[in-house]
Every structure is written in C-alpha cells, then in structure tokens.
Amino acid sequence: MDNNLVSVVMCTYNGSRFLAEQIESIRGQTHKELQIVIVDDASTDNTYELIKQFAEKDNRIQGFRNEKNLGFNLNFDKACKLAVGDYVAIADQDDVWEPSKIEKLLNKINENGDTLLVHGISARFDKSGKYHLKSHKLVNYEAGKDVRNFFLSNYISGHNMLLRRSLLEKSFPFPASVYYDWWLAAVASCYGRTEPVPEILVWHRMHESNATGAAKPKVAFYKQVMITLPQILTIPGMKEGDQEFGAQLLKYYSEFPATKFSWSLFMFLLKHAKIIFAHKKRAFPWFSYLKHSFKASRAATLA
C-alpha cells in the first residue's frame with residue numbers, strides 16, 4: 001500500500017447539476033496519488049451515468065451504485081469501507097475544492113503521529129455566486145482537542161476532513177443517529193487529536209437540496225442532544241472523567257420538556273462554557289458564553 005495514497009470518498013444522490021465541477025476539482029488536485037470512490041445512493045437522475053463517464057477517462061475513479069437508497073450516513077459508512085488508502089478525505093457532491101486542499105491537509109496530518117484528523121475551512125457560496133465569508137471568522141478552529149467540545153455540537157464538517165485510516169477502524173460502524181462527521185470528530189478527540197489548517201480549502205455550494213442548507217430539518221436543540229450525546233458517550237476510548245461530565249450534562253437535559261428553562265443546566269453550561277462552547281470565537285467571549293448557555297437551556301430552542 002502506498003503511504004501517500006489518499007482515498008477520496010464521495011456519496012451522491014441526484015447530484016448531476018453540480019457533480020462534474022466537483023469531480024474536476026478533485027481530479028485537478030496537486031496531490032495526484034488518489035483513489036476516488038464514488039457511491040451513488042440510488043439516484044433517479046443521470047448522476048450514475050455521469051460517474052461512469054468520468055471513471056472511463058480516469059482510472060483513479062471507482063463508481064458504485066446502491067440498489068436502494070440508504071441515506072447519507074449509512075452510505076458514507078459503506079463508501080468509507082471501500083477506501084484503501086492510509087488517508088481518507090470526504091467529499092460532498094456539490095462543492096468545489098481548492099487545488100492544494102489534499103496536499104496541505106496531508107502535510108499537516110504528518111506533522112504529528114498523534115493527529116488523527118485534520119480539517120480546513122469551507123466558505124459558502126450561493127446560486128448567485130455570492131460568497132459568505134463572515135461566519136468562518138467566528139469559529140475557533142483550534143478547538144476539538146477535548147471530546148467535551150463535541151458533546152453539544154460539531155463544527156468540523158465532513159467535506160473539510162482528512163483522516164487516518166486508523167481512525168476509521170476505530171469509528172465503524174457509524175451510528176445511524178449521529179451525523180458521521182460529528183462522530184468522527186468525537187472519536188478522533190478520544191484517541192488522539194484534531195488539528196486545523198486555517199485556510200479556505202473548500203467552496204461549499206448552498207442550494208435548496210443540500211443537507212447543510214434548506215433541506216436540513218429543524219430539530220429542537222435539547223432533542224438533538226438526547227439523540228446524539230448518549231451515542232457519543234459509548235466511545236470506548238473516552239476518559240472516565242469525560243464520561244462523568246457527559247452523564248451529568250445528559251441528566252440536566254433529561255429534565256426537558258417538563259420545564260421550559262433549566263437554571264441548573266444554565267449554571268452548568270456557564271461554568272463549563274470554555275469547554276462546551278470552545279468553538280465559539282467572539283470579541284467579547286463571556287458575553288457569547290452567557291448568550292449560548294441561556295439559549296441551550298431553553299426547551300424550545302431550535303438547532
């Protein structure tokens with residue numbers, strides 16, 4: 001196995017509108033030693049036909065098609081198991097990558113053997129071509145070295161990740177109730193470390209059908225916690241103290257919806273805000289911590 005081989009894993013579903021541009025941006029990477037695995041989740045448009053056309057002209061591309069729709073979480077689980085490289089990068093079907101994305105992430109992950117996952121920054125753009133650059137300046141990308149940073153939320157998107165194959169082996173199977181990128185980030189912080197490359201390496205297309213855009217369902221925040229946190233607490237490599245911390249947090253959230261606001265939860269969140277909201281970067285951090293602690297203590301809060 002080539003130690004520099006990077007398996008790029010992409011899942012597709014009815015993505016023919018934007019797929020060609022994304023595949024070309026992957027084929028054009030400055031790091032050329034790639035396996036490009038694309039698993040189509042029973043699309044009803046011509047997505048799979050497009051994948052086959054690209055596979056015919058680039059032998060690095062391997063196309064697969066599911067007989068029935070699995071959903072993106074289970075489909076990524078399947079696609080990742082087809083990766084053979086020592087490193088795996090995850091791709092969305094409708095983004096555009098900077099040419100040096102793989103090269104820069106690969107250089108970063110090899111700086112330290114304890115680093116299991118690295119990530120860049122993605123900036124959004126819409127159908128008018130307008131770029132949305134403000135939000136990424138509000139994130140502390142140095143967070144993520146403590147699994148407790150991921151107990152309530154995840155800020156590392158899958159399309160930004162490059163990870164070691166050893167992390168995948170510790171992460172399978174992906175839980176059906178936890179977004180795969182959230183799960184990978186939490187597992188990485190239990191067994192090793194995550195590190196950022198603080199540059200925009202992905203241009204993330206926003207439109208009416210993608211999972212990060214309007215198609216993503218709104219879920220009450222406390223309900224999302226009650227679904228996700230119990231699964232995260234099952235990670236075998238988690239420290240006992242972190243499990244106890246998570247169990248206490250889960251206990252506070254179990255008070256909902258009996259009460260609309262929990263003062264005990266609010267005080268717990270505020271006390272540990274630097275950990276729980278570590279990814280927040282603001283000019284006045286404690287004002288931000290106060291606001292987010294209050295918001296996360298309300299039963300009616302939406303994600």
Checklist entry - Scanning for something touching a Gly at 6+ places or on another chain (Cβ under 8 Å), charged (D, E, K, R) and farther than 16 Å from Ile36 by Cα, does region 110-127 turn up at least one residue? => result yes
Checklist entry - In the list Lys216, Lys239, which residue meets the criterion of being among the charged types (D, E, K, R), modelled with pLDDT under 95 and not assigned by TED's automatic domain parsing to the domain that holds Glu169? => result Lys216
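So that you can scan it fast, the table gives a plain yes or no per residue for (1) crowded, with 16+ Cβ neighbours inside 10 Å; (2) of a type in the set (Val, Ile, Thr); (3) within 18 Å of Ala79 (Cα to Cα); (4) in contact (Cβ under 8 Å) with a residue 12 or more places away in the chain:
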residue: Ile23; (1), (2), (3), (4): yes, yes, yes, yes
residue: Thr30; (1), (2), (3), (4): no, yes, no, yes
residue: Glu33; (1), (2), (3), (4): no, no, no, yes
residue: Asp45; (1), (2), (3), (4): no, no, no, yes
residue: Lys52; (1), (2), (3), (4): no, no, yes, no
residue: Asn59; (1), (2), (3), (4): no, no, yes, no
Checklist entry - Does Asn149 satisfy the condition of being of a type outside the set (A, V, I, L, M, F, W, C), farther than 29 Å from Val39 by Cβ, crowded, with 16+ Cβ neighbours inside 10 Å and modelled with pLDDT under 95? => result no
Next on the checklist: I'd like the full set of residues that are under 18 Å from the mean Cα position of the chain (by Cα) and within 9 Å of Val147 (Cβ to Cβ), limited to region 229-244.
Outcome noted: Ile232, Ile235
Checklist entry - Leu270 is checked against (1) under 24 Å from the mean Cα position of the chain (by Cα); (2) under 17 Å from Ser297 (Cβ atoms); (3) of a type outside the set (S, T, N, Q) and fails just one. What number does that condition carry? => result (1)
Next on the checklist: Tell me the residue from Tyr87, Tyr13 that is farther than 15 Å from Val202 by Cα and buried (at least 23 other Cβ atoms within 10 Å of the Cβ), please.
Outcome noted: Tyr87
Checklist entry - Can you name every residue in region 146-184 that is assigned to a strand (DSSP E or B), more than 22 Å from Phe277 (Cα to Cα) and of a type in the set (A, V, I, L, M, F, W, C)? => result Leu162, Leu163
Item to check | Residues located in region 155-198, provided they are touching a residue at least 60 places away in the same chain (Cβ under 8 Å), surrounded by fewer than 19 Cβ atoms within 10 Å (Cβ to Cβ) and of a type in the set (D, E, K, R) | outcome: Arg165, Lys170, Arg193
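The values are calculated or read from the model by the stated rules, or taken from the named source; none is laboratory data. Quick caveat, the model's predicted, so the values are computed rather than measured. All Cβ positions, glycine included, derive from the backbone under ideal geometry; neighbour counts span all protein chains shown.
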